[in-house]
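Read-outs throughout are calculated quantities, based only on the coordinates presented, and are distinct from any laboratory measurement. What you see is a predicted model; the values in this text were computed from it and never measured. Heads up, the Cβs are rebuilt from the backbone with ideal geometry, glycines too, and the neighbour counts pull from every protein chain shown.
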Amino acid sequence: ETGVTQSPTHLIKTRGQQVTLRCSSQSGHNTVSWYQQALGQGPQFIFQYYREEENGRGNFPPRFSGLQFPNYSSELNVNALELDDSALYLCASSHIAGVGETQYFGPGTRLLVL
Amino acid sequence: GQNIDQPTEMTATEGAIVQINCTYQTSGFNGLFWYQQHAGEAPTFLSYNVLDGLEEKGRFSSFLSRSKGYSYLLLKELQMKDSASYLCAVRVDSNYQLIWGAGTKLIIKP
């Protein structure tokens with residue numbers, strides 16, 4: 001158990017809809033990173049939030065957006081869902097305190113877009 | 001561009017030793033991580049290397065050569081529960097983001 005929680009665990013949506021995924025970081029961690037993992041692939045970095053500000057973004061379109069709250073929990077929002085958005089969405093929390101910081105993952109949200 | 005290569009699948013026998021290799025070509029380097037991921041679950045942290053050499057942690061060891069862009073994860077005394085995917089990830093310089101390999105699926109046979 002990493003202390004990182006995500007909700008919901010599973011979700012089914014239809015193409016064109018919008019979805020919000022939530023993540024609560026581990027106590028003491030101020031950074032949340034979001035990843036998309038397709039079946040049989042490694043995670044792909046979506047973006048990272050540090051102290052409520054976006055701290056880096058991967059190669060994902062603007063319809064992927066996020067927020068971080070004062071308690072360091074975070075949301076991932078995806079608009080205009082496409083079939084290819086079907087994947088496991090992982091959040092990872094960490095405490096940026098130098099290059100040795102390790103990311104701890106939540107259990108993930110499995111999203112299916114029909 | 002960023003590229004991390006790992007073998008897709010490996011098979012080993014219970015009680016044996018296996019070495020999973022990872023080669024990387026990235027725009028920067030600020031450390032290499034190994035994670036274990038069981039099917040349908042989230043990745044769990046195994047090891048971190050930022051300097052050349054071997055880091056040992058129980059049955060698992062990880063090695064790094066920065067000049068060769070190469071790392072390996074060594075698993076000893078294999079157990080059936082070690083059947084999982086093993087992911088290699090590199091932190092590049094900017095924004096602490098991790099670039100991930102596709103993972104190596106390790107199958108342990110009795």
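What list do you get for B:T13, B:T104, A:T5 if you sort them by fewest beta carbons within 10 Å? Please report the intermediate quantities before stating the final value.
Numbers: B:T13 11, B:T104 20, A:T5 17.
Neighbour counts put them in this order, fewest first: B:T13, A:T5, B:T104.
If you average over every viewing direction, what projected area does the convex hull of the Cα atoms of region A:9-114 give, in nm²?
Numbers: hull surface 25.9 nm².
If you wrap the Cα atoms of region A:9-114 in a convex hull and average its projections, you get 6.5 nm².
Suppose every Lys and Arg Cβ carries +1 and every Asp and Glu Cβ carries -1, with no other charges. What dipole size does the protein assembly as shown come out with about its Cα centre, to the nearest 20 debye?
Working: 16 positive and 19 negative charges, 44 e Å.
I would put it at about 220 debye.
Among DSSP beta bridges lying fully in region B:3-110, give the percent that are antiparallel, nearest 5.
If I count the DSSP bridges inside region B:3-110, around 90 percent turn out antiparallel.
Compute the distance from the alpha-carbon center of region B:27-50 to that of region A:1-77, in whole Å.
Their Cα centres are 18 Å away from one another.
Kindly provide the trypsin sites (Lys or Arg not before Pro) of region A:47-114 that DSSP labels as loop, not H, G, I, E or B, and whose Cβ sees at most 16 other Cβ atoms within 10 Å.
A:R51, A:R63
Could you give me the percent of Cα pairs per 10 Å distance bin for the protein assembly as shown, shortest bin first, beginning at zero and ending with the bin that holds the maximum distance?
Computed distribution, short to long bins: 8, 33, 36, 19, 4, 0.
Quick one: divide the alpha-carbon radius of gyration of chain B by 2.2 N^0.38 Å and tell me what you get.
On the way: Rg = 13.4 Å, N = 110, 2.2 N^0.38 = 13.1 Å.
Its radius of gyration relative to the 2.2 N^0.38 Å reference: 1.02.
Explain nothing, just the number: relative contact order of chain A, from Cα pairs under 8 Å at least 6 residues apart, as a whole percent.
Value for chain A: 37 percent.
Among A:I46, A:L111, A:P70, pick out the residue whose Cα is farthest towards the positive end of the charge dipole of chain A, where Lys and Arg carry +1 and Asp and Glu carry -1 on C-beta, about the Cα centre.
A:L111
Just want the ordering: B:V90, A:V32, from fewest to most Cβ atoms lying within 10 Å of their own Cβ.
Ordered from fewest to most neighbouring Cβ atoms within 10 Å, B:V90, A:V32 come out as B:V90, A:V32.
Given the options A:L88, A:L39, A:L11, state which has the largest fluctuation in a GNM of chain A using a 10 Å cut-off (strictly under) for Cα springs.
So, out of A:L88, A:L39, A:L11, the one fluctuating most is A:L39.
Using 0.36 nm times the number of residues separating B:Y70 and B:F45, minus their current alpha carbon distance, what extension gain do you get?
Result for the pair: 7.1 nm of gain on full extension.
Counting DSSP beta bridges with both partners in chain A, what percentage is antiparallel, nearest 5?
Here the share of antiparallel DSSP bridges comes out near 90 percent.
Could you list the residues of region A:4-48 with an amide nitrogen less than 11 Å from a label point located 7 Å from the Cα of A:R63 in the Cα-to-C-beta direction?
A:15-19
Using a Gaussian network model of chain B whose springs link C-alpha atoms within less than 10 Å, name the residue from B:N49, B:N21, B:N30 with the highest mean-square fluctuation.
Between B:N49, B:N21, B:N30, it is B:N30 that shows the largest mean-square fluctuation.
Just the number: Rg to Rh for region A:38-100, Cα atoms, Kirkwood Rh, two decimals.
0.97
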